[in-house]
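Trainee: The structure is given below, and queries will be raised subsequently.
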Amino acid sequence: MSCNLKSTSPLPHELWVCIFSLSGVVHNRLPSALELGQEGDFLHVEAEKLELKRWKAALSLRLVCRLWNAIIAQILYRDICVGTEARWPSLSSGLKQPSIAGLVRSIRLSTSRFDRNVLVLSQCTNVEVLIHPEFPHSQRMYAIWETLLPELPLLKRVYWRMSWSSSTLLRDIVSAAKNLEYATFSASDAYNYGLNDRPSSSPLSTSTQPTMALRSLELMHSGELFARTMLSTNVSRLTHLTLDTAHLALAPRVLPALRVLKLSVNDKHEPAHLTVSFPVILALCGHTLRELVYDARCAVAPPAPGQEARALHCVRLLSPDAMQAANQNANAQVLLGPAFSALISILLDGPGWRDPNEQEWPEWAQLRKRGCQVEAGNAY
């Protein structure tokens with residue numbers, strides 16, 4: 001049975017794409033924990049299973065009629081996975097056609113076959129999102145060290161688990177992606193990248209021009225040398241920065257465009273041994289910062305005299321587990337200070353918070369009286 005591509009279906013093309021997405025043929029292009037791979041071997045196998053399941057479902061739908069065949073072709077090649085061995089022969093064959101390669105918008109790269117990564121990137125120049133997950137310990141690596149990639153003008157987002165073997169390819173990608181806006185870098189558990197060894201240079205070092213488009217940078221699960229190297233390049237245009245609390249002092253003296261700062265806590269650090277330093281934060285972006293997120297279990301250093309958070313409207317305090325009463329009171333006292341007169345909202349996220357309405361924390365009541373909302377958040 002076949003149908004006319006133009007006339008038999010009253011449904012618009014976009015609606016068919018939504019319908020197929022509900023069938024599991026389309027997956028989310030933004031990376032999940034599965035795609036980034038906190039546990040390389042297990043999650044790599046699971047990702048391949050999901051990819052093969054999606055591929056088989058799509059092939060079945062393509063057989064229904066010409067309309068579905070045309071739509072599924074677009075969906076099937078929009079989000080591709082280079083690392084799936086069973087699918088590679090058919091994938092590589094399809095990408096030899098420029099019309100097919102031009103459909104690709106998201107690529108989950110192989111962590112071991114860098115020769116294939118280079119081939120796919122050379123063909124799929126319309127890619128918008130790149131994901132490089134953790135390297136599975138059990139796999140053999142086929143590295144490639146010298147690459148020459150075409151320009152990737154639409155590439156806006158990169159999510160990358162760092163390793164020595166992948167750093168050269170990443171540098172070439174960043175060099176080819178002049179419009180890169182969002183980058184997430186985390187150290188590889190398999191290679192301990194950046195935790196005990198110094199990276200030779202930042203992958204951002206090829207894009208230090210004033211026209212650099214990078215606006216959002218996340219440095220996750222990294223060591224001090226890793227963070228220092230990443231922040232050593234031109235990041236003055238950042239509007240969003242996620243950084244380990246322990247590495248706050250490594251940030252440049254001023255980030256004039258920064259609006260959102262998120263301070264995380266590495267699993268290797270004890271929150272009680274870390275300090276959220278407001279003198280450093282306000283020197284960094286006191287005139288532009290609109291939202292601040294940090295772990296309330298950390299110690300807090302109040303602003304220096306005369307410092308102000310002039311644009312800070314929202315503070316999100318995280319408490320994944322129970323914390324000392326002194327920490328709760330310290331955060332309340334600091335945020336009640338004159339430096340934070342612009343505050344509109346304080347969100348208390350996590351099971352570690354006690355009821356902010358309890359009388360032993362009068363600072364919350366004083367903040368509400370000043371016009372600031374203090375309420376439970378929804379991050380947990």
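The values are calculated or read from the model by the stated rules, or taken from the named source; none is laboratory data. All values derive from a computational prediction rather than experimental measurement. We place every Cβ from the backbone using ideal geometry, glycine too, and count neighbours over all the protein chains shown. Each accessible area value is taken on the protein alone, full model and side chains, heavy atoms only, with ligands, DNA and RNA left out. Shrake-Rupley method; radii C 1.70, N 1.55, O 1.52, S 1.80 Å.
Trainee: Over region 241-320, calculate the relative contact order: mean separation of alpha carbon pairs under 8 Å at least 6 apart, over the residue count, as a percent.
Mentor: 31 percent.
Trainee: Could you work out how far apart the two model spin labels at residue 333 and residue 249 are, taking each label as a point 7 Å from the Cα in the direction of the beta carbon, and quote it in nm?
Mentor: Calculated label separation equals 2.3 nm.
Trainee: Rank these residues by their accessible area, most exposed first, probe 1.4 Å: 90, 110.
Mentor: So, going from the largest accessible area down, we get 90, 110.
Trainee: Length gain on complete extension for the stretch residue 85 to residue 345, per 0.36 nm per residue less the alpha carbon to alpha carbon distance? Kindly include the intermediate steps, with their values, before the conclusion.
Mentor: Details: separation 260, 0.36 × 260 = 93.60 nm, distance 4.95 nm.
Gain on stretching residue 85 to residue 345: 88.7 nm.
Trainee: If we sort 302-309, 366-373 on the protection proxy, mean other Cβ atoms within 10 Å, highest first, what's the order?
Mentor: Going by the mean number of other Cβ atoms within 10 Å, highest first, we get 302-309, 366-373.
Trainee: Additional query: Extension gain residue 225-residue 275, at 0.36 nm per residue separation less the Cα-Cα distance, in nm?
Mentor: Values: separation 50, 0.36 × 50 = 18.00 nm, distance 1.90 nm.
Stretched fully, the residue 225-residue 275 segment lengthens by 16.1 nm.
Trainee: Top to bottom by accessible area (1.4 Å), largest first, where do 273, 132 land? All intermediate terms of the calculation are to be shown ahead of the outcome.
Mentor: Working: 273 150, 132 5 Å².
Descending order: 273, 132.
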